[in-house]
Amino acid sequence: MTEKQTSGIEHLLQQAGVEPGVIDAVMRVDALLQSWRRRGIKRELSNVALRDLDLPLDLAQLDVLAAIEAPVHEFGDAEGETMVSTVAARIGIDPSRASRLIAELVDEGYAERAVSQSDSRRTIIRLTEKGSIATGAVRAYRFLLMGNFLGEWKPSDVDTFLPLLEQFSHWSEDIEARRAKLLPQIEALRAYVAERADREPVA
C-alpha cells in the first residue's frame with residue numbers, strides 16, 4: 001500500500017469517527033489476518049498432521065469428519081442428529097458436495113450411515129471408531145504444537161489473550177448493521193473507484 005493510499009484510508013476512517021490509535025490497530029490487524037488467511041489456504045498445520053500421522057485423508061475429508069463429530073469449541077453446542085444437510089451447513093459447502101465426501105468417508109470406513117432414532121425415514125451420519133481415532137489424533141497433534149507455543153508465553157498473557165480473541169472472533173457477525181452506519185463512507189469509496197476506472201489511461 002502506498003503512502004498516498006494509506007493517507008486516504010486514514011482520512012476516510014477519521015470521517016467515520018474512528019480514533020487514530022484504532023486506525024493503526026485496524027491496519028495492523030488486517031495485515032495479520034490477510035497473512036493468516038493466505039497461510040490458511042494451504043492449511044499448513046493440518047496438512048503436516050495428516051502426513052506425520054500417515055492418515056490417507058485430504059483436507060476436505062478432514063473438515064467433514066470434524067463437522068460430523070462437531071466438537072463444542074468449533075461448532076458450539078451442536079445438538080440433535082447429524083445429517084448430510086447438517087454437515088453442509090456446519091462447514092458451508094453445497095449439500096451435494098457434502099454427500100459425495102460423506103460417501104467417500106463411508107466407503108473408507110471413517111463414517112457410517114444409521115437410521116434416526118426419532119424418525120425411521122431419516123438417515124443420519126456418525127463417525128466410526130476409525131473416524132473418531134483419526135479426528136482425535138489430528139486434534140491432539142494441533143494441540144501439541146499450539147500447547148508448545150503458548151507454553152512459552154507468560155500465564156498472564158494467555159489469560160489476557162484468550163478472552164480478547166474470543167471477543168474479536170465476533171467482529172463480523174453484525175456486518176449488515178455496520179454497513180448501514182457507514183453508507184456515506186462506502187458510497188465515497190464506490191465513487192472513488194468509479195472515477196478512477198473511467199479515466200483514460202495515460203499513453
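The values are calculated or read from the model by the stated rules, or taken from the named source; none is laboratory data. If you're wondering where the values come from, they're calculated on a predicted model, not measured in any experiment. Every residue, glycine as well, gets a Cβ built from its backbone with ideal geometry; the counts of neighbours run over all protein chains shown.
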Q) Only one residue in Gln15, Gln61 is modelled with pLDDT under 85 and either in contact with a helix residue (DSSP H, G or I) (Cβ under 7 Å, 6 or more places away or on another chain) or among the acidic types (Asp, Glu) (or both). Which one? A) Gln15
Q) So which residues in segment 115-139 are surrounded by 19 or more Cβ atoms within 10 Å (Cβ to Cβ) and either out of contact with any Pro (no Cβ under 9 Å at 6 or more places or on another chain) or assigned to a strand (DSSP E or B) (or both)? A) Ile124, Ile125, Leu127, Gly131, Ala134, Val138
Q. Only one of (1) free of Cβ contacts under 8 Å to residues at least 24 places away in the same chain; (2) small (Gly, Ala, Ser); (3) surrounded by 10 or more Cβ atoms within 10 Å (Cβ to Cβ) is not met by Ser172, so which one is it?
A. (3)
Q: Evaluate the following for Arg142: is it surrounded by 13 or more Cβ atoms within 10 Å (Cβ to Cβ), among the charged types (D, E, K, R) and not assigned by TED's automatic domain parsing to the domain that holds Pro71?
A: yes
Q: Return yes or no: is Glu112 acidic (Asp, Glu), within 30 Å of Leu45 (Cα to Cα), at pLDDT 90 or above and in a loop (DSSP other than H, G, I, E, B)?
A: no
Q) Considering only segment 118-169, how many residues are within 30 Å of Ala103 (Cβ to Cβ) and touching a residue at least 40 places away in the same chain (Cβ under 8 Å)? A) 15
**Q.** Hits in segment 13-53 - residues which are without any contact (Cβ under 8 Å) to a residue 24 or more places away in the chain and in a loop (DSSP other than H, G, I, E, B)
**A.** Gly17, Val18, Glu19, Arg43
Q) What are the pairs, 6+ residues apart or on separate chains, where a residue within segment 80-98 that is in the same structural domain as Glu112 (by TED's automatic domain parsing) and assigned to a helix (DSSP H, G or I) has its Cβ under 8 Å from a residue that is surrounded by 13 or more Cβ atoms within 10 Å (Cβ to Cβ) and of a type in the set (Phe, Trp, Tyr)? A) Arg90/Phe75
**Q.** Checklist (1) out of contact with any helix residue (DSSP H, G or I) (no Cβ under 6 Å at 6 or more places or on another chain); (2) closer than 11 Å to Leu65 by Cβ; (3) at pLDDT 95 or above applied to Arg100, failing item
**A.** (2)
